[in-house]
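The structure appears right after this line, and notes come after that.
What follows is calculated from the coordinates using simple rules that are stated; it is not laboratory data. Since the structure is predicted, the reported quantities are computational estimates derived from the model, not experimental observations. With ideal geometry, Cβ positions are generated from the backbone for all residues, glycine too; neighbour counts draw on all protein chains shown.
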Amino acid sequence: MASVGVSPGPPAGTLAVRPRRESVSSWPLIDRFWFGLAWLTGVGLCVIAFAIVAIMLVKGIGYLNLSDFTTAPAASLQQNQSGGFSDPIIGTLIVTAIGIAIAAPVGVAIAAWLAEYGRPSWLARTVESAIEMLAGTPSVVLAIFGLAVLSQGFLGFLSEGASKGSLGESFFNAGIVMSLIALPLVVASTREGLFQLPDRLREASYALGKTRATTIRCVLLPAIRPSMASGIVLGMGRIIGDTAIITIVLGATLRNEPVNNVPVIGLLRGTGSTLTSYIFYNSPAGEGNSHEKAYAAAFVLLVIVLLLNSIVTRLTRGPRERRTAFRLPRFGAPRS
Amino acid sequence: MDPLMPPPVRRIALDREPNIAPPRAPAQNGAEAPTQRRATVRPPVAAVRERMQIENVWLAYGENWVVRDVTLPVRQGEVLALIGASGSGKTTLLRSLNRLTEITEGASRAGQITLDGTDIAAQEVNELRRRISMVFQQPNPFPMSIFDNVAYSLAEQAPPRGRRRRRTPEIEQAVTDALQRAGLYEEVAGDLDRPALKLSGGQQQRLCIARALAAKPEVLLLDEPCSALDPISTATIEELIVGLRESVAVVIVTHNLQQAFRVADYVAFMHLGELIEYGPSQQVFDRPVQQRTKDYISGAFG
């Protein structure tokens, strides 16, 4: 449309003013009391969060060597001979990758079925309760359940142990059990995303002669990519932080122990460790004797989790919100 | 208010020059007054042909009959406007034409609707909806690029995915055609990869029309397409609707009587689910037969 000379803004030198906020001192005393209490708890939480990061930073960074990332751990009573934690880092990455590779597609599929079909409704309700139950089950319970099931001989292709009739401890099995703890998070955030989409989006697609399946695949899921991604990243955070499943289903050996020379499969069928089990082992409460290494590894773990958190925040906030922070418009030249 | 508290202070720039827009020159003023424009200059149509027949149709949500015994023809070459107060069943009737009422739980239908002599209930529903396309009240582009929005409706089922992948010349041509028919191409030609949600409301609605047209429909249903738009966008879309009636049969639901008068060749007035009056728009607006139509048009109710 033809635009008619729109003024770019008030003339130079205009001062933009916001009305001043109402002052707390005008509130009734009781309001001020509760406000102060709420304020204190918020600040208290910040202090605790800051303390975690600060202590880990101080304790961790001092003990952290670059060589820790490349050296495998060794059982030793001497701190300087106990090696680094390259194997646990690799172990964490492998378990997370397997877990999320299972949880992400399955979770999205469950959420899509629940939100878009959900028929018959008794089945949908059952699925929902099952997901809630899974979310509420302690991971150690899932771990011994997983160990019982995955130690069956016919599942020996997943772990060397099971094929020999002993415990089914392996990266494959740990990843499978880990997918169970990530699943509820993926389902919840994907389903929430689908619920929040307006119905007119679906109607628009149906009115163009598209099936439900096409609509979900080509319109709805792409539209909720941020919610799916945040569910997946939250799930990854859960997996990275879990210790019980590692101890029970991965074996929590100090090093990753491939069962044979077959490059990848041999490693994945064998036992190993992750950062969490390494920290547990070396912590003052564990069997190992390298407390400094435990703090260094804890620091690395914390950094990874904080990174994942910041990714979630970014994804859920979206790019637009980030750019337009609180800023007063500036009219013309700044006042001198 | 607390008497001890001083009133909030707000600084207002009092000393600056007033910036009142000077009145525009009269010639410029007259040149763009789209709301004054009447669609009386209608391009002539070569042939009028009956496409759909609505016969004794009853529609219900649950136990509640919202459309009662409506019989109407839909012709290509003419714009049919459904008017009536809120709750008169016009939108439900419109949505039943491409069986979109079926996605609502508990909706039922009696009577027959035919497209080119075939009962629509007997046709494959997705195929039918490609032949009878629909534009909604709220502009509802998909959250993807302008190009993908139109390309999505081209493909039989799954559309071409990705940004530039699988953009064949045929698809490009079809998208361009659809955008041109909807009168949007000139405005967006520079950047078809822009997200559709960045467009203005009027542009979004024209994009939705382009999307509906890209499916090469035979009937176009419009459910109050301009109710969320400003007068200039409305005028653009009305002009577009009148231009389209040659190639597709157009049915439009509108609350706006002026709009019905501007775009429609035939008008059907509905009240509480019943079809009260149907006829050429000139006749319905100038010499309505029914008292209820007279009352509605003169603004007595609704």
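The angle between the Cα long axis of helix A:171-196 and the longest principal axis of the Cα atoms of chain A comes to about 20 degrees, rounded to the nearest 10. Run through every distinct alpha carbon pair of the protein assembly as shown and return the Kirkwood hydrodynamic radius in angstroms, one decimal place. By the Kirkwood definition, the hydrodynamic radius is 30.5 Å. Computed from Cα positions, the angle between helix A:86-112 and the longest principal axis of chain A comes to roughly 60 degrees.
Between residue B:256 and residue A:101, the distance separating the two model label sites (each 7 Å from Cα on the Cα→Cβ line) works out to 5.7 nm.
Assuming R0 = 60 Å, what is the FRET efficiency of residue B:193 and residue A:40, from their Cβ-Cβ distance, to the nearest 0.05? In this case the efficiency is close to 0.75.
Give me the percent relative contact order of the stretch A:158-248, please, defined on Cα pairs under 8 angstrom at least 6 residues apart. It rounds to 37 percent for the stretch A:158-248. Taken as Cα centroids, the stretch A:175-216 and the stretch A:48-125 sit 26 Å apart, rounded to the nearest whole angstrom. The lysines within cross-link reach of residue B:90, meaning a Cα-to-Cα straight distance under 25 Å and a gap of 8 or more places when in the same chain, are A:210, B:216, B:294.
Run lengths n ≥ 4 of DSSP H only: what is the helix-derived mean residue ellipticity at 222 nm for chain A, with -39500 (n - 2.57) per run over all residues, to the nearest 500? Write down the numbers at each step before the final one.
Numbers: 12 runs with 197 residues, N = 336.
My calculation for chain A gives -19500 deg cm²/dmol from helical runs alone.
Per residue of peptide B:121-129, the mean number of Cβ atoms on other chains within 10 Å of the residue Cβ is 2. Placing unit charges on the Cβ atoms only, positive for Lys and Arg and negative for Asp and Glu, gives the protein assembly as shown a dipole magnitude near 1360 debye about its Cα centre.
With the simple spin-label model, which puts each label point 7 Å out from Cα in the Cβ direction, the residue B:294 to residue B:112 separation comes to 3.7 nm.
Shielding by partners for peptide A:198-206, expressed as the average number of C-beta atoms from other protein chains within 10 Å of each residue's C-beta, is 6. Applying 1/(1 + (r/R0)^6) with r as the Cβ-Cβ distance of residue A:306 and residue B:48 and R0 = 56 angstrom yields a FRET efficiency of 0.20.
Ordering of B:252-260, B:112-120, B:132-140 by packing is B:132-140, B:252-260, B:112-120, highest average first (other Cβ atoms within 10 Å, averaged per residue). Computed over chain A, relative contact order equals 26 percent, with contacts defined as Cα pairs under 8 Å that lie 6+ residues apart.
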